[in-house]
Amino acid sequence: MVELSGGPLLEVDGVTLQYRTKRNLVTACYRIDFEIHRSDRFVILGPSGCGKSTLLKATGGYIAPVEGEIRLNGAVVRRPGPDRMLVFQEFDQLLPWKTVRQNVVFALTASGQLKGREADERAMHYIDKVNLSKFADSYPHTLSGGMKQRVAIARGMAMEPEILLMDEPFAALDALTRVRMQDELLALWEETRFTLMFVTHSISEAVKVGSRILLLSAHPGQVRAEMNSDGSDPEGPDGMRLSARIERMLFHEGTPERETENV
Amino acid sequence: MSEAVKHAMPVQRATTARPEFVREVTDTGYGVVEKPLGVFETLWGNAGLRKVGVLVFLACLWQAYGLWVNNDLLMPTFTQTVAALWTDVASGRLPAAAAASMKVLLQGYVAGLALAAILTALATASRIGSDLLDVLTAMFNPLPSIALLPLAMIWFGLGDPSIIFVLIHAVLWSVALNTHAGFRGVSPTWRMVGRNYGIGQIGYIWSILIPGAFPSILTGLKIGWAFAWRTLIAAELVFGSSSGGGGLGWYVFENKNSLEIPSVFAGLLTVILLGLVVENLVFRTVERLTVQRWGMQQ
């Protein structure tokens, strides 16, 4: 184990990702570089089709880059593992044959982290953190969408991973619930300062949740900008708010030069 | 003119002038909020009870028709059948026959499940295994098991092994097909969740694939059971006489030969009853405790 207290936790180094559909070989993103440091709330923002979810899955170890490397603590990511816990957009990410508590406990025991009583205590600690203690013995199908996502977050945090990967976790929620979940997520971060990699297509969500925002251009995704955010959407020196600057970069400026288009 | 229209636009977007209002919600005076249903409504709402009602009605119809035909050899009445059933149950003949049938059935069923598990494992592990399962299922699933009985009798002689062979054929394909289809239908998100924990192959199959595919697996088990049960009775009717044990099919056949028609009916009734018991007690209970509890089936 290499302990890099000062260096980046996750390095994405010239990563190109491709996937095959029935007819085409699609380049999802091209030569992406970025670094995530400990306790970052690193948001990847981009329009549909910029390969941001693919990038997250590659970090999760589900897709191998065709070019470049992803390194966690200096070690190349090759397969999925419990040091990178995913929270998905889909409500069906909880296993329906397990109760809330069992879902979290199963993550801990299946990965060999904890056993028996200890696993149960850790699980209940995090279920309590997301305010679902009352529903610990309910099956997922009896919960609302927001509650399911909270269990998924509790499950991810209970594993105490190096980095928590979230793939548009609030996209399928109604607007009111979404705002509340964003607040809760930030409160949890205040408490434990976990490292977060968060994919979204919502500018306001990126500005609110992120401490650092990576902008990707569309199809294939390439790094457009990286900016800091303190959640307050401040006015920059040019008199524009952060969200307005992001919006202009994503939608109102001409598409970037396609000199690298060789699929 | 056009200027005026432009200015009028925001005004037009609002609806015609009506006052806004806010009301206090009262908590009295709306009559019934919740009221228990009457006795009759409660009973009528019970599906089991309604079905018992249908059964009673059918039994009455049978009794009436039997009395009208008034011919024991063609159509014994319900009461005669029940009497015959009671006599043969009391004498132990019918329970012995049912037990003999069950024993062979369970042997064939379990052997079929084991083979189905192996085939499905092959199909899940490799593409060629999957092709093998597809081709075999396409070939053998439409083939009625009973059609294999003559061949089985040549290969395994007259006895339980022949019946078990046809039973395996009855169970294997539907179970393997449904399990494999179920595995393929397991949500990609659950698969990713399972892999995220870094569990091994066996753990992955046991704790993700099997529970995830459980509704299909259960369907396969039920179809397999029904096929096996029918095949067994048919096989016993054909050559139960020589298979020593003497199951329910043989019981029916024997009583027909001695023109004990109420006993023939009693045998058929037993076949029906056992089928109902397994379907409603065993499979329904498993369903209630698993897929329904998990919200995977309504």
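Here are some notes:
- For chain B, the mean residue ellipticity at 222 nm estimated from helices alone is -22500 deg cm²/dmol, where every DSSP H run of n ≥ 4 contributes -39500 (n - 2.57) and the total is divided by all residues, rounded to the nearest 500.
- Residues of the stretch B:166-198 buried by at least 10 Å² on assembly (accessible area, 1.4 Å probe, chain alone as reference): B:SER187, B:THR189, B:TRP190, B:MET192, B:VAL193, B:ARG195, B:ASN196, B:TYR197, B:GLY198
- Net charge dipole size for the stretch B:75-210 [Lys, Arg +1 and Asp, Glu -1 on Cβ; Debye, nearest 20]: 360
- Going from the isolated chain to the complete set of protein chains, the stretch A:139-160 loses at least 50 Å² of heavy-atom accessible area (1.4 Å probe) at A:TYR139, A:HIS141.
- Using a 1.4 Å probe over protein heavy atoms, the accessible area lost on pairing B with A, summed over both chains, comes to approximately 2000 Å².
- Exposure of B:ILE146 as accessible area (Å², to 10), given a probe of 1.4 Å and all protein chains: 60
- Three-way shape call for the stretch A:94-160 based on the alpha-carbon gyration tensor, with the a/c threshold at 1.5: prolate
- Distance violations [Cα-Cα > 30 Å] among A:LYS98/A:LYS129; A:LYS98/B:LYS51; A:LYS22/A:LYS57: A:LYS98/B:LYS51
- Of the DSSP H helices in chain B, those with a Cα length along their own long axis of 18 Å or more and a mean Kyte-Doolittle hydropathy reaching 1.6 comprise B:261-277.
- In this Cβ point-charge picture (+1 for Lys and Arg, -1 for Asp and Glu), chain B has a dipole of about 780 debye about its Cα centre.
- Ordered by solvent-accessible area of protein heavy atoms (1.4 Å probe), largest first, the residues A:MET157, B:MET296 come out as B:MET296, A:MET157.
- Longest segment of chain B lacking chymotrypsin sites (Phe, Trp or Tyr not before Pro) that sit in a DSSP loop with at most 12 other Cβ atoms within 10 Å: B:31-298
- Note that chain A presents 46 Å² accessible area per residue, ligands and nucleic acids not counted, probe 1.4 Å.
- Value of relative contact order over the stretch B:77-292, rounded to a whole percent, pairs C-alpha under 8 Å and six or more apart: 27
- Per residue, in Å², the accessible surface of the stretch B:77-292 once ligands and nucleic acids are set aside, probe 1.4 Å: 46
- Computed [θ] at 222 nm, deg cm²/dmol, chain A (DSSP H ≥ 4; -39,500 (n - 2.57); rounded to nearest 500): -9000 deg cm²/dmol
- In degrees, nearest ten, helix A:116-129 long axis to first principal axis of chain A (Cα): 60
- Carbon + sulfur, % of accessible area of the stretch A:94-160 - ligands and nucleic acids excluded, 1.4 Å: 46
- Interface burial in the stretch A:55-85 reaches 10 Å² or more for A:LYS57, A:TYR62, A:PRO80, A:GLY81, A:PRO82, A:MET85, comparing the full protein assembly with the chain by itself; accessible area from heavy atoms with a 1.4 Å probe.
- Accessible surface of A:ARG241 - all protein chains present, 1.4 Å probe, nearest 10 Å²: 120
- Ligands, DNA and RNA left out, the 1.4 Å accessible surface of chain B is 69% carbon and sulfur atoms.
- Estimated FRET transfer efficiency when R0 is 51 angstrom, pair A:ARG71-B:GLU279 (beta carbons, to 0.05): 0.35
- Cα-based helix-to-principal-axis angle, A:175-192 vs chain A, degrees rounded to 10: 80
- A crude spin-label estimate for the pair B:ILE210 and B:THR28, with each label 7 Å from Cα along the Cβ direction, gives 6.1 nm.
- Distance between modelled label sites at B:LEU158 and A:SER144, nm, 7 Å Cα→Cβ extension: 7.2
The values are calculated or read from the model by the stated rules, or taken from the named source; none is laboratory data. From a predicted model like this one, the values you see are computed outputs, not experimental measurements. Please note: Cβ atoms are built from the backbone with ideal geometry, for glycine as well, and neighbour counts cover all protein chains shown. Surface accessibility is based on the protein's heavy atoms, side chains included, excluding ligands, DNA and RNA. Shrake-Rupley method; radii C 1.70, N 1.55, O 1.52, S 1.80 Å.
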